[in-house]
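A quick write-up on the structure given underneath.
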Amino acid sequence: MKISFIIPVYNVESYLHQCVDSILSQTYRDIEIILVDDGSPDKCPQICDEYAGKDSRVIALHKTNGGLSDARNYGLDNATGDYVTFVDSDDFWSENNSLDKLVTVLNKNPDLDFVGYNCRYFFQNDNKYSKWQLFPEVLTNPINNNAALVELSKNGYFAVSACMKLIKRQFLVDNHIYFKVGQLSEDIPWFINLIDSADKCMFTNDYVYTYRQITNGNSISHNIGTRNVDTIIEIINDEIKNLDNRSLNKE
């Protein structure tokens, strides 16, 4: 079973090594790492090429800047793995055996369209980690999409992040589950499309993924402006229009 890691790369030369090294160090070896240089203006293109030159499992792709969604879509179109997962290039995987654990889950449950996993936050300024809340037990076993969405709603949160899923590549391609280019909060409609199309999924409480939190006031997550609010309103309006066409039940 081959796993494709899709990593959009833009202006992250300080963090890219930790990101890629955390994946190359996985004990499960049948992987490919697709580094999508999205026209990065720093040393990232060179770093990508250096990794590709050192390890045949790393593929360096270079394109003109099109944004995160465009880079993810480009990576998916070039992936060859049985399953894919997305990684943001300033984040990293937590433990070396994380992928081994996930592959074991997939081998036991080959009918899963995707398996989600848990995450922790790394507060770089304070060098501290904080774990995200646990998924409810019912979600840690195979479950259909309607039941999964109900449980996620009951608990007051949605694991919408594309970076917290291991997904059948052909399932994404066949159902044309791509990211809307140029849209902020792109993971939200992407996740709704993902779970709407899935027959079965499950979530594990292994803390696989680490989100880097940089509290310098410059990151998108710390600057909420008119465009961010307008995007959320646009997503809500689009999803209201889509309700009647969803496979999800009334509940």
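Please compute the net charge surrounding Asn205, taking Lys and Arg as +1 and Asp and Glu as -1 over other residues with Cβ under 15 Å from its Cβ.
0
Round to a whole number: what % of the accessible area of the chain belongs to carbon and sulfur, probe 1.4 Å? List each step's numbers first, then the result.
Values: 5690 of 11910 Å².
So the carbon and sulfur contribution to the accessible surface is 48 percent.
Using per-residue counts of other Cβ atoms within 10 Å, averaged over each peptide, order 26-35, 113-122 from highest down. Don't skip to the end; give the middle numbers.
Details: 26-35: 18.8, 113-122: 20.9.
With the highest mean Cβ count within 10 Å placed first, the list reads 113-122, 26-35.
What ranking, highest mean first, results for peptides 156-166, 232-242 when packing means the other Cβ atoms within 10 Å averaged over each residue?
Ranking, from highest mean packing down: 156-166, 232-242.
With a cut-off of 8 Å between alpha carbons and a minimum separation of six or more residues, what is the relative contact order of the chain in percent?
Relative contact order, the chain: 23 percent.
Could you tell me whether the chain comes out rounded, prolate or oblate from its Cα gyration tensor? Rule is a ≥ b ≥ c as square roots of the eigenvalues, rounded for a/c under 1.5, then prolate if a/b exceeds b/c, otherwise oblate. Walk me through the intermediate numbers first.
Details: a/c = 1.44, a/b = 1.22, b/c = 1.18.
Rounded shape, in that the Cα axes give a/c under 1.5.
Using the heavy atoms of the protein chains alone and a 1.4 angstrom probe, what is the accessible area of the chain per residue in square angstrom?
For the chain, the per-residue accessible area is 47 Å².
Go through region 5-13 residue by residue and turn each phi into a ³J(HN,Hα) via Karplus (6.51, -1.76, 1.60, θ = phi - 60°); whole Hz please, and just put x for glycine and proline.
Here the 3J(HN,Hα) series is 9, 10, 10, x, 10, 7, 6, 10, 4 Hz.
Arrange the peptides 180-187, 124-131 so that the one whose residues have, on average, the most other Cβ atoms within 10 Å appears first.
180-187, 124-131
Within the set of other residues whose C-beta is less than 11 Å from the C-beta of Pro45, count the net charge using Lys and Arg as +1 and Asp and Glu as -1.
-4
The values are calculated or read from the model by the stated rules, or taken from the named source; none is laboratory data. Model, not experiment: these values are computed from the prediction. Cβ atoms come from the backbone with ideal geometry, glycine included; neighbour counts cover every protein chain shown. The accessibility values were calculated without ligands, DNA or RNA, using every heavy atom of the protein model including side chains. Shrake-Rupley method; radii C 1.70, N 1.55, O 1.52, S 1.80 Å.
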